[in-house]
1. In the stretch A:20-32, is there at least one residue being surrounded by fewer than 13 Cβ atoms within 10 Å (Cβ to Cβ) and closer than 13 Å to A:Phe91 by Cα?
2. Only one of B:Ala95, B:Ala79 is within 12 Å of chain A (Cβ to nearest Cβ), touching a residue at least 60 places away in the same chain (Cβ under 8 Å) and assigned to a loop (DSSP other than H, G, I, E, B); which?
3. Which pairs do you get when a residue that is aromatic (Phe, Trp, Tyr), found in the stretch A:64-78, comes within reach of a residue that is surrounded by fewer than 16 Cβ atoms within 10 Å (Cβ to Cβ), reach meaning Cβ atoms under 6 angstrom, with the pair 6+ apart or on two chains?
4. Of the residues B:Leu70, B:Leu49, only one is part of a strand (DSSP E or B) and either surrounded by 15 or more Cβ atoms within 10 Å (Cβ to Cβ) or at pLDDT below 95 (or both); which?
5. Any residue at all in the stretch A:51-65 that's over 14 Å from the mean Cα position of the chain (by Cα) and among the hydrophobic types (A, V, I, L, M, F, W, C)?
6. If you scan the stretch A:29-63, which residues turn out to be of a type in the set (Ser, Thr, Tyr) and without any contact (Cβ under 8 Å) to a residue 40 or more places away in the chain?
7. Which numbered condition trips up B:Gly106, out of (1) exposed (fewer than 14 other Cβ atoms within 10 Å of the Cβ); (2) within 11 Å of another protein chain (Cβ to nearest Cβ)?
Amino acid sequence: GAVVSQHPSWVICKSGTSVKIECRSLDFQATTMFWYRQFPKQSLMLMATSNEGSKATYEQGVEKDKFLINHASLTLSTLTVTSAHPEDSSFYICSARSSSNSPLHFGNGTRLTVT
Amino acid sequence: SQKIEQNSEALNIQEGKTATLTCNYTNYSPAYLQWYRQDPGRGPVFLLLIRENEKEKRKERLKVTFDTTLKQSLFHITASQPADSATYLCALANAGGTSYGKLTFGQGTILTVHP
């Protein structure tokens, strides 16, 4: 149980284009989903917290207009990287949990490369 | 400021031995603590969750301890196998207020089990 599916697993895009990443909880309802970013050999950095039906809460230093998050249902959240630039190239990982006391379960990540 | 330290960046052990990983924290009163395994290019996989009122948790060859006085968690893998080689992350969850359950991750320990 507790499977989180993330798509695509990798994407290459040109500078200036937008990329959408999907995160789905397959066998549970996720009241909260989180989006993380991870640089090589570094730990996970929280970008934003997404609650179903409400606006995402962004961490300090994360541009909400650049990283658009939509959590339209209890099983789906999307992250759109708008007007991507090479410095946005990174490993993006979503996670979900059913309640604040439950373990966090992660998707397998999306490797974004902006050329 | 709050700090989480996994005080070995890398740990090398022989197959069959017990691996012990350490997670220390300062300026933090976590509600609970989680341990994750991450393989290269993949999202973290949840292993164990231990709450502030629990001293020890076990799951098969894994054991976690949580000492809120020492502000430390130890993660043990007994009878280690080469397949246990991975990066192990500890994560602490905020205890109070609107950020209850928000996780902060340590930088991880790369475990290598040699045959």
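1. no
2. Exactly one residue qualifies, and that residue is B:Ala95.
3. From residues that are aromatic (Phe, Trp, Tyr), there are no pairs.
4. Values: B:Leu70 fails: part of a strand (DSSP E or B).
Every option except B:Leu49 fails the conditions.
5. No; the residues of the stretch A:51-65 include none that is over 14 Å from the mean Cα position of the chain (by Cα) and among the hydrophobic types (A, V, I, L, M, F, W, C).
6. Matches in the stretch A:29-63: A:Ser43, A:Thr49, A:Ser50, A:Ser54, A:Thr57, A:Tyr58.
7. Here B:Gly106 clears every test but (1).
Residues checked against (1) more than 14 Å from A:Cys23 (Cα to Cα); (2) surrounded by fewer than 18 Cβ atoms within 10 Å (Cβ to Cβ); (3) modelled with pLDDT of 95 or more:
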site: A:Ser73; (1), (2), (3): no, yes, no
site: A:His85; (1), (2), (3): yes, yes, yes
site: A:Tyr92; (1), (2), (3): no, no, yes
site: A:Ala96; (1), (2), (3): no, no, no
site: A:Ser100; (1), (2), (3): yes, yes, no
site: A:Gly109; (1), (2), (3): no, no, yes
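The values are calculated or read from the model by the stated rules, or taken from the named source; none is laboratory data. Please read these numbers as outputs of a predicted model, since none were measured by experiment. All Cβ positions, glycine included, derive from the backbone under ideal geometry; neighbour counts span all protein chains shown.
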